[in-house]
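K.L.:
One structure coming up, written as structure tokens, with questions to follow.
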Amino acid sequence: MSDDVQRPDDVNGTDEAHGIDTPGDPASDAATAPARAPRSIRQSLAAIVLAFETIVVFLAALVIWGLAQGDAALGVESALPSWAALAAGGVIILGLIATIGLLRYRWAYTLGWVLQVLIVVSGFINPAMFVVGALFGGMWWYCMVAGSRIDRERAAFAAPGKDQQ
């Protein structure tokens, strides 16, 4: 028999004559792969806030950069070089994106708080960022509180034989 012709006993991904699974069998691959823990509500809400905040910080960095360009065109000396707004915005954006990926660790939530403070502090460059930072800081706080509460309730509901509070 030719090697490129599939034998009838190999159709299901097992070699029945030898009793072993072939590596391409999806059922055996799924059975050996470790089950991933479900994502917590707190983690999901934090990722959503950080993702939207990434977009807003990108747009804000462009606005601050454009305002600096306009000042230079008018001959007004700006407090910052025009590239500084893009560089600072880029660093904060990279921090936000990295934090989204690191939310499986507890310390990433502290990093999220640090980023919220940095965004509020950017209000000293453009006062509108005080409002943006306060709004996202409030959403971050609410997601941390509500997400933690929902996760606790889900854990209490899932734990068999445990009294609910």
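None of the figures in this text is laboratory data; all of them are computed from the coordinates on show. Just so it is clear, the structure is predicted and the values come from calculations on it, not from any experiment. Cβ coordinates were reconstructed from backbone atoms using ideal geometry, including for glycine residues, and neighbour counts include every protein chain displayed.
K.L.:
Considering segment 92-109 alone, what residues qualify as being surrounded by 13 or more Cβ atoms within 10 Å (Cβ to Cβ) and either in a helix (DSSP H, G or I) or without any contact (Cβ under 8 Å) to a residue 40 or more places away in the chain (or both)? So that I can check it myself, show each step before the final result.
P.N.:
First, pick out the residues of segment 92-109 that are surrounded by 13 or more Cβ atoms within 10 Å (Cβ to Cβ): 92-93, 95-100, 102-103, 108-109.
Within segment 92-109, 92, 93, 95, 96, 97, 98, 99, 100, 102, 108, 109 meet the criteria.
K.L.:
Could you look through segment 110-165, keep only residues that are within 23 Å of residue 62 (Cα to Cα) and of a type in the set (S, T, N, Q), and pick out the one that is surrounded by the fewest Cβ atoms within 10 Å (Cβ to Cβ)?
P.N.:
Looking at residues that are within 23 Å of residue 62 (Cα to Cα) and of a type in the set (S, T, N, Q), I get 126.
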